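To start, the structure itself, in structure tokens.
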Amino acid sequence: MCGIVGYIGKRDVAPLLLEGLQRLEYRGYDSAGIAVQAKPGKGAQNGQSATGLKTAKAKGRVRDLEARLPKRFAGTSGIAHTRWATHGAPNDINAHPHLDGDGKVAIVHNGIIDNAADLRAKLAADGVELVSDTDSEVLAHLIGRSQAATLEEKVRHALALVEGTYGIAVLHADFPDRIVVARNGSPVVLGIGEKEMFVASDVAALVSHTRQVITLDDGEMATIKADDYRTYTTEGSRTAPAPTTVEWEAESYDMGGHDTYMHKEIHEQVDAVDRVLRGRIDDRFSTVRLGGLNLDAREARGVRRVKILGCGSAYHTGLIGAQLIEELARIPADAEPASEFRYRNPVVDPDTLYIAVSQSGETYDTLAAVQELKRKGARVLGVVNVVGSAIARETDGGVYVHAGPEVCVVSTKCFTNTAVAFALLALHLGRIRDLSVADGKRIIAGLRKLPEQISEVLRGEEEIKKLAAEYANAKSMMFVGRVRGYPVAREASLKLKEVSYVHAEAYPASELKHGPLALIEPEVPTVAVLPDDDLLEKNRATLEEIKARSGRILAVAHQEQEKADHTIVVPRNEVELDPILMGIPLQLLAYHTALALGRDIDKPRNLAKSVTVE
């Protein structure tokens with residue numbers, strides 16, 4: 001949540017920071033702000049304090065901030081922030097950066113300070129005037145009040161007093177040659193340039209300037225100067241993380257001729273699925289190669305249960321993954337929201353393989369669950385998209401999904417690629433155990449068909465657009481499916497809610513008559529997911545129940561459904577892989593419903609991309 005970007009070098013900083021904020025706006029877009037280290041001796045004007053810091057803040061989008069910047073806003077170092085509100089309403093005052101009482105310290109902060117109320121009370125008792133409602137402002141005052149001789153020590157002293165999560169960047173007027181940053185539970189990435197340095201909460205803000213990056217670990221700090229950087233722990237010990245090269249080009253973050261990132265990313269799924277399969281299929285043994293698992297055959301055969309943890313769409317892919325693992329590997333498997341798992345004091349079984357799923361690899365609830373599991377001695381794998389992310393580093397091994405950058409807040413290609421990654425994992429585990437060569441070949445053939453079949457689904461977009469216009473005015477929608485169809489219904493319901501704001505609920509089709517059937521009426525259409533499997537006739541019986549109550553039905557199926565008002569026909573694959581394909585037309589349905597309703601598709605209200613707070 002929220003986006004941080006900073007720069008120190010010789011270039012004019014404001015345009016660089018604004019560009020970085022625009023690339024990070026999917027992480028938060030309630031308000032934005034910028035602080036620049038002015039050249040000495042300019043005086044107090046145009047939002048500049050007499051100390052040499054200039055600030056500008058605005059409620060709304062980055063474009064609103066850009067419109068508010070004074071014409072003279074020069075400087076060669078600065079920090080900026082785009083906000084997703086947690087403490088305090090979105091407004092100019094609560095926007096970051098926040099200053100200390102003397103206007104010498106400017107901070108930007110991602111995360112939540114859990115003891116902010118106590119710290120605010122102590123600061124107020126000491127006569128400090130806090131002007132915002134945020135938890136973040138206390139950091140600026142704590143740093144400004146520290147009597148330490150260096151900026152690094154001032155920041156370290158302040159962080160010792162706070163409890164919670166943070167990714168911060170700090171400017172100080174008395175130390176104009178540096179920016180100090182720190183991380184605990186919220187990502188911070190350094191970008192190494194030629195006699196210039198960058199900092200950001202996401203590599204998206206950096207890739208147009210440098211692809212050499214360092215990702216800080218929790219409990220790590222850094223000082224960046226124009227021609228130097230150093231990293232160290234919050235206790236002061238030096239660290240030496242190795243720079244890595246970002247695999248994605250700057251063009252990966254452009255819209256590529258599409259009107260929205262969501263539309264672009266839906267259509268990128270053909271190439272994305274091809275990418276997650278590439279180099280991993282082993283035809284000789286009818287299996288796949290997943291070298292990053294760090295799980296040998298003997299260890300894999302010793303697994304007695306699989307538990308998958310994720311949040312939102314990642315949880316829904318976990319539901320698909322659990323079914324695939326049970327069907328192909330015959331290992332009991334289930335999925336659970338990571339946010340619930342970490343709070344319920346679960347029994348951690350040494351024979352259970354735990355799998356953490358996160359597009360960003362930084363989802364706080366999932367990361368906290370991983371850390372708790374590791375503390376209790378569990379083996380944990382990660383299924384993530386971002387190389388070098390926190391979950392990727394903290395787990396024992398895992399699978400990268402290689403979806404490429406996903407900018408739209410709602411997940412599409414990452415959801416699909418993660419489901420394919422679970423199919424690969426299930427096949428790998430199955431072939432180690434009891435899955436036959438013939439079944440291995442069958443699943444591999446199905447996996448290879450996926451890119452072209454996805455392309456076939458996308459070619460039907462115009463028909464789906466017409467259906468979306470017909471259903472867009474529904475006051476609510478029901479989504480139902482049995483077994484393999486149920487996770488698809490769950491994810492489709494979430495997509496519709498996220499991007500169109502149409503209320504939607506998802507239920508197992510078998511549960512409809514146990515209560516939800518009371519909601520069925522012509523104004524509440526039902527989307528039914530009906531794969532051609534051994535449950536097809538039971539699913540058709542559900543359609544009969546809905547029609548008997550005058551409910552409208554949109555079916556997603558492998559053939560036209562007589563009882564449905566409309567059917568989106570999806571190509572058949574192997575029954576285990578059908579859920580992967582059946583979700584894609586429902587992504588288009590959500591997209592075109594939102595478009596028909598005039599929603600801000602890439603930046604839906606109240607949401608942000610990477611949820612790094614509780």
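The values are calculated or read from the model by the stated rules, or taken from the named source; none is laboratory data. These figures come from a predicted structure and were not determined experimentally. Neighbour counts are summed over all protein chains in view; Cβ atoms, including those assigned to glycine, are modelled from backbone coordinates with ideal geometry. Ligands, DNA and RNA are excluded from the accessible area calculation, which covers all protein heavy atoms including side chains. Shrake-Rupley method; radii C 1.70, N 1.55, O 1.52, S 1.80 Å.
Data table
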item	result
Residue in the range 452-462 that is among the aliphatic types (A, V, I, L, M), open to solvent by 20 Å² or more (accessible area, probe 1.4 Å) and under 27 Å from the mean Cα position of the chain (by Cα) present	no
Test result for I79, in contact (Cβ under 8 Å) with a residue 12 or more places away in the chain, open to solvent by 30 Å² or more (accessible area, probe 1.4 Å) and hydrophobic (A, V, I, L, M, F, W, C)	no
Number of the exception - G167 against (1) in contact with a helix residue (DSSP H, G or I) (Cβ under 9 Å, 6 or more places away or on another chain); (2) touching a residue at least 60 places away in the same chain (Cβ under 8 Å); (3) in a strand (DSSP E or B); (4) not charged (D, E, K, R)	(1)
Cβ pairs under 6 Å, 6+ apart, first in the range 249-266 and over 20 Å from H402 (Cβ atoms) and in contact (Cβ under 8 Å) with a residue 24 or more places away in the chain, second charged (D, E, K, R) and assigned to a loop (DSSP other than H, G, I, E, B)	T260/D602
Selection status of R330, of a type in the set (K, R) and at pLDDT 95 or above	yes
Segments classed as helices (runs of 4 or more DSSP H), wholly inside the range 247-312, with at least 1 members that are among the aromatic types (F, W, Y), over 30 Å from P350 (Cβ atoms) and touching a helix residue (DSSP H, G or I) at 6+ places or on another chain (Cβ under 9 Å)	261-267
Qualifying residue in the range 414-429 (condition: free of Cβ contacts under 8 Å to residues at least 24 places away in the same chain and either open to solvent by 10 Å² or more (accessible area, probe 1.4 Å) or not small (G, A, S) (or both))	no
Residue match in the range 471-483 (condition: more than 27 Å from E511 (Cβ to Cβ), surrounded by fewer than 18 Cβ atoms within 10 Å (Cβ to Cβ) and touching a residue at least 12 places away in the same chain (Cβ under 8 Å))	no
Residue match in the range 365-375 (condition: over 30 Å from G111 (Cα atoms) and at pLDDT 95 or above)	no
Which numbered condition D533 fails, given (1) closer than 22 Å to A469 by Cα; (2) touching a residue at least 12 places away in the same chain (Cβ under 8 Å); (3) in a loop (DSSP other than H, G, I, E, B); (4) open to solvent by 10 Å² or more (accessible area, probe 1.4 Å)	(1)
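Conditions tested, residue by residue: (1) acidic (D, E); (2) surrounded by fewer than 22 Cβ atoms within 10 Å (Cβ to Cβ); (3) farther than 22 Å from H267 by Cβ.
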{"residue": "A564", "(1), (2), (3)": "no, no, yes"}
{"residue": "T567", "(1), (2), (3)": "no, yes, yes"}
{"residue": "L589", "(1), (2), (3)": "no, no, no"}
{"residue": "A594", "(1), (2), (3)": "no, no, no"}
{"residue": "G598", "(1), (2), (3)": "no, yes, no"}
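Let's see how each residue does on (1) open to solvent by less than 40 Å² (accessible area, probe 1.4 Å); (2) without any contact (Cβ under 8 Å) to a residue 12 or more places away in the chain; (3) assigned to a strand (DSSP E or B):
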position: P176; (1), (2), (3): no, no, no
position: A182; (1), (2), (3): yes, no, yes
position: A204; (1), (2), (3): yes, no, no
position: V213; (1), (2), (3): yes, no, yes
